[in-house]
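Okay, structure first, notes after.
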Amino acid sequence: MRNVFLTLRRRSVLALGLVAVLLASCAPVDLYAPISTFETGVDPNTWAQVPEGEFYFGQHEDIASTAAYEIMVTDVTVTQYADFLNAALADGSVKVVDGEIQGYYPGDEFRGVKHEEEIAAGDWAFIPLDDPSQRIQFDGSAFSAQPDYTNHPMTMVSWFGAWGYCDYYGYRLPSEMEWEKAARGTDERPFPWGEEIARENANFYASRDPFEDMGSYGSRTSPVGFYNGQKYGDYQTLDSTSPYGLYDMAGNVWQWTGDVYEGMHYRFLRGGSKDTYDMDLRLWVSNNATPMYVSPGVGFRCVQGQ
Amino acid sequence: MQFLSKRLEYLFGSTKGLILVAIAMVGIVTAVWGMLSGPMAEIGVREVVVNALGMDMLQAEREGRIIILYHSIAMAIVAIETYMVTSLLKMKPFFKTAINATITAGYILTMIFGLSFAYFGHNWAFHGLYIFGLSLIFFAGVLLVIALWPWNKEYKFSPLPEGRGAGGEGEYSRTKKGLSLERVAFFATALTTVISALFGAIPGSFFGNGFESFLAENIIRLPEKTTMEYSIIGHLHIMLALIGIMLTLIIGRWLNFKGIWHKIAMPLMILGTIVLNLGVWGVVTPLEPVAHMVIYVGATPSMLAALFLLIWSWGKLMREGTANLTKPTFGKKISALLRDPLKFGPTWQMLFMNFTTSGIGIFMAIRLDEIFRVWPAREERIELTGHWHVLSAIIATIILLYYGDMINLKGKIRQWYGWSLIVLSDLAFAAVTIFEMKRLFISEAVQQPLVNLLMYLMDFGLAMLLLLLAIVLVWRLVDLFKAKGRWTEEVNHELSQEVLK
């Protein structure tokens, strides 16, 4: 009898433990949970020169070439995007409609290929304002970055919103080739900094950076240029710049690229993100989504020249 | 010396021994390589395994590594099914010996040298042996096709009307002239498997020449694919489907599927297999735009045939389980149905597959542009990879359920083994399915707690399954050291002797 009781008690404890784990894992996510703030010392307004010439493109290292161009050293930050919106709202380039920012896009040629959807000329959503993941605030007249996210990459921005930002300043989104060359340089490396990846190289899924808590809210963005070899508190990063000095070309946020391919409306993203495994941070890995797609793990940077 | 030779004779000379070796090989590879990805990688287990085993893994070579890993496991499964077929169906002893010997050498070479090449430095001699192993398996497949030739007089039933009652021959699907349609179904599946292997082998050689390995799930959404890429995509789909079809036939034979349902199911199975293959092969022809439609047309009769097997077997289990009752209630019938998990489980898993793979696949196909292609490609990739991982694992559980009966598990152990397999795997598969579909009901920003919960369930289910398999394998290992262990009873047993009455 005593044995039966003990067995039952053991089983109850086991079952209760399992239920406790399951319940703990069902706790709601606090999207406004405090986040560590760090100054990286990297200026998001700087640009890197990429010379013309050949480079290895793609997983199978095809030889490709580009003309010379300049590319932003970091992703566009929340502050930079807020500044853009303030200027664009003031001169009428964008408007606030139904809880989102809209702007004009001239449309793509539609060929009616299987699965292709028409992207017509007109106003398209740049960013949603009412999404709880949005790090830009709007008080009815001006835009600003949430205080702890000023130097984080701009996210929750559609391809149209990324295109609109670059176009407003006379820049453009990088082509996939330009993006990859800027990240890879002219050798065959799979990551911007070299052959292998360590947790301290980049912000990726379960990389144990100071911005994630896999037990509750999961991963969050890191400030642009965070992985520069500095020590932040107890956390030592590795200098993870690309051969041309670009930061965050692997991890943190996927980056929209500018190519519009014949017969498809999808836009391509590069670089992997805080939400992907290390394998998706390899330089040739691409993702794609409709140009309307927004995500807390998607941002962009611009290029100019050519 | 005799001690060793007798054990080796059992392990490599008997059907049950061969199946045990292959299950053990797959189990070990699954357990070790499973620690290199998913949650194990996050918590640092991958690094420990890589360092402990001295693995040499370059990030740039991941796709090629994974292709070799998939093939290593799949070839062992193909070998297991082949052993079952050669033991269940009549064929000349020479063919049985030749097929089993060839495929055993083939999958062992494939697995050992493939994984050695992919994960432990690139010794090109190993790569050659890996390819040689795959070639042997192909050759064994050709031999199996010849051995199964259903128009051979020895394998025919007596012509009607004489054959109608003799030995119950009339209860099986057959033609008037005595051709066994079940054997035709086995033959068609084996033949199309051999042909479909070429759809992987030819582009494999083409891409391998330039080392341009790629995973099919990474080129979804590209509107233009090359013929070779289509061939690879067709190959991976049809091979898994054919493994599933062959296993359905095997389970039917083991359970002694017969009667009216059998008579309807077998022609459907033959038709489905042929049409399904024609559709898949069509992706490399100008018929590519309509190939998907042909595939749907082919898949339907195959799935109907599996459904008929389920209806027949569940009916039989309920009838037999309530034979002593004059008016069995619904509850008694259900109780009879669930009495033996090893006989109920295989067809239940086939049914469950509809919720976790077929249903999801059809849902994705009909709502592709409206739902799934609004999401980023990486989300779609999760669905695709989850979908076929579950299908592969379901196939594995069905094999293990049959294996439980094969090794004559009885009483409580049979119950625990069978129900653990069913419940743990279905728990994991259900969690995977919800994980795949999570974007339907939760956003990225708030998904982490749900992801954690699903991961716990998946890992718990799969880890316990592997533990269960490990217990069985250790038990079988210990048994091998006994002079009169169970292995001595199994050494001469053929599966055809154990087909249910």
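Quick rundown of the values:
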item: Span from the region B:95-112 Cα centroid across to the region A:71-109 one, whole angstrom; result: 63
item: The protein assembly as shown - charge dipole about Cα centre, Lys and Arg +1 at Cβ, Asp and Glu -1, debye rounded to 20; result: 6300
item: Share, in percent, of DSSP beta bridges within region A:38-304 that are antiparallel, nearest 5; result: 95
item: Per-residue mean of C-beta atoms belonging to partner chains within 10 Å, peptide A:208-215; result: 2
item: Around B:Ile99: net Lys/Arg minus Asp/Glu count, Cβ-Cβ under 12 Å; result: +1
item: Where the protein assembly as shown is the region considered: accessible area per residue in Å², 1.4 Å probe; result: 43
item: Sum of -39500 (n - 2.57) over DSSP H runs of 4+, divided by residues of chain B (222 nm, nearest 500); result: -25000 deg cm²/dmol
item: Surface/4 estimate of mean projected area, convex hull on alpha-carbon atoms of region B:415-501, nm²; result: 8.7
item: Cα pair distances in region B:1-148, grouped into 5 Å bins until the bin that holds the longest one, percent each; result: 2, 10, 17, 19, 17, 13, 11, 7, 4, 1, 0
item: Tail weight of P(r) past 23 Å, computed on alpha-carbon pairs of region A:38-304, percent; result: 50
item: Interchain or long-range residues, amide H under 5 Å from A:Phe143's placed H; result: A:Asn86
item: Note, ³J(HN,Hα) from phi for region B:480-485, Karplus 6.51, -1.76, 1.60, rounded to Hz, x at Gly and Pro; result: 5, 7, 8, 5, 10, x
item: Violating pairs (Cα-Cα greater than 32 angstrom) within the set B:Lys258/B:Lys410; B:Lys316/B:Lys438; B:Lys90/B:Lys327; result: B:Lys316/B:Lys438; B:Lys90/B:Lys327
item: Nearest-0.05 FRET efficiency for B:Phe460 and B:Ala31, computed from C-beta distance (R0 22 Å); result: 0.90
item: Reduced Cα scattering model of region A:94-178, Debye log10 I(q)/I(0), q = 0.11, 0.20 Å⁻¹; result: -0.37, -1.05
item: Dipole magnitude (debye, nearest 20) for region B:1-148, charges at Cβ of Lys, Arg, Asp, Glu; result: 660
item: Net +/- balance of residues flanking A:Asp130 in space, Cβ distance below 15 Å, scoring K and R +1, D and E -1; result: -3
item: Rg/Rg_globular for region B:262-366, with Rg_globular taken as 2.2 N^0.38 Å and Rg from C-alpha atoms; result: 1.39
item: Value at 222 nm in deg cm²/dmol, rounded to 500, when DSSP H runs of n ≥ 4 in chain A each add -39,500 (n - 2.57); result: -6000 deg cm²/dmol
item: Delta accessible area of at least 20 Å² on complex formation, residues of region B:429-450, 1.4 Å probe, chain isolated as reference; result: B:Glu444, B:Ala445, B:Val446, B:Gln448, B:Pro449
item: Euclidean distance of C-alpha centroids, region A:213-270 and region B:117-148, integer Å; result: 42
item: Neighbour net charge for B:Met40 - beta-carbon separation under 11 angstrom, K R +1, D E -1; result: -2
item: Long-range HN-HN contacts of A:Gly218 with modeled amide H, under 5 Å; result: A:Asp213
item: Gain on full stretching of the segment that runs from B:Ile43 to B:Lys327 - 0.36 nm per residue minus C-alpha separation; result: 96.6 nm
item: Estimated dipole of region B:126-216 in Debye, rounded to 20 [Cβ of Lys and Arg +1, of Asp and Glu -1, Cα centre]; result: 340
item: Signed unit charges on C-beta, dipole axis of the protein assembly as shown, positive-most listed residue B:Phe308, B:Met458, B:Val446; result: B:Phe308
item: Kirkwood Rh in Å, taken over all unlike Cα pairs in chain B; result: 24.0
item: Per residue, the convex hull volume that the Cα atoms of the protein assembly as shown enclose (Å³); result: 200
item: Accessible area buried at the B-A interface, both sides summed, 1.4 Å probe (Å², nearest 100); result: 3600
item: Relative contact order of chain A, defined on C-alpha pairs under 8 angstrom at six or more residues apart (%); result: 22
item: Kyte-Doolittle mean at least -0.5 and Cα axial length at least 30 Å: DSSP H helices in chain A; result: A:2-24
item: Residue-wise HN-Hα coupling along region B:384-396, computed from phi with Karplus coefficients 6.51, -1.76, 1.60 (Hz; x: Gly, Pro); result: 5, 6, x, 3, 8, 5, 5, 4, 4, 5, 5, 4, 4
item: Nonlocal amide H pairs with A:Tyr232, under 5 Å, H built at 1.01 Å; result: A:Thr237
item: Accessible area of the protein assembly as shown belonging to carbon and sulfur atoms, whole % at 1.4 Å probe; result: 64
item: Region B:451-491-region B:243-302 distance, computed between alpha-carbon centres (Å); result: 33
item: Residues of region A:239-270 buried by at least 40 Å² on assembly (accessible area, 1.4 Å probe, chain alone as reference); result: A:Met264, A:Tyr266
item: Dipole axis of chain B (+1 Lys, Arg; -1 Asp, Glu on Cβ), positive-most option in B:Ala323, B:Ala74, B:Ser116; result: B:Ala323
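The values are calculated or read from the model by the stated rules, or taken from the named source; none is laboratory data. These numbers were taken from a predicted model, which means no experiment stands behind them. FYI the Cβ positions are ideal-geometry reconstructions off the backbone, even for glycines, and counts take in every protein chain you see. Heavy atoms of the whole protein, side chains included, go into the accessibility calculation; ligands, DNA and RNA do not. Shrake-Rupley method; radii C 1.70, N 1.55, O 1.52, S 1.80 Å.
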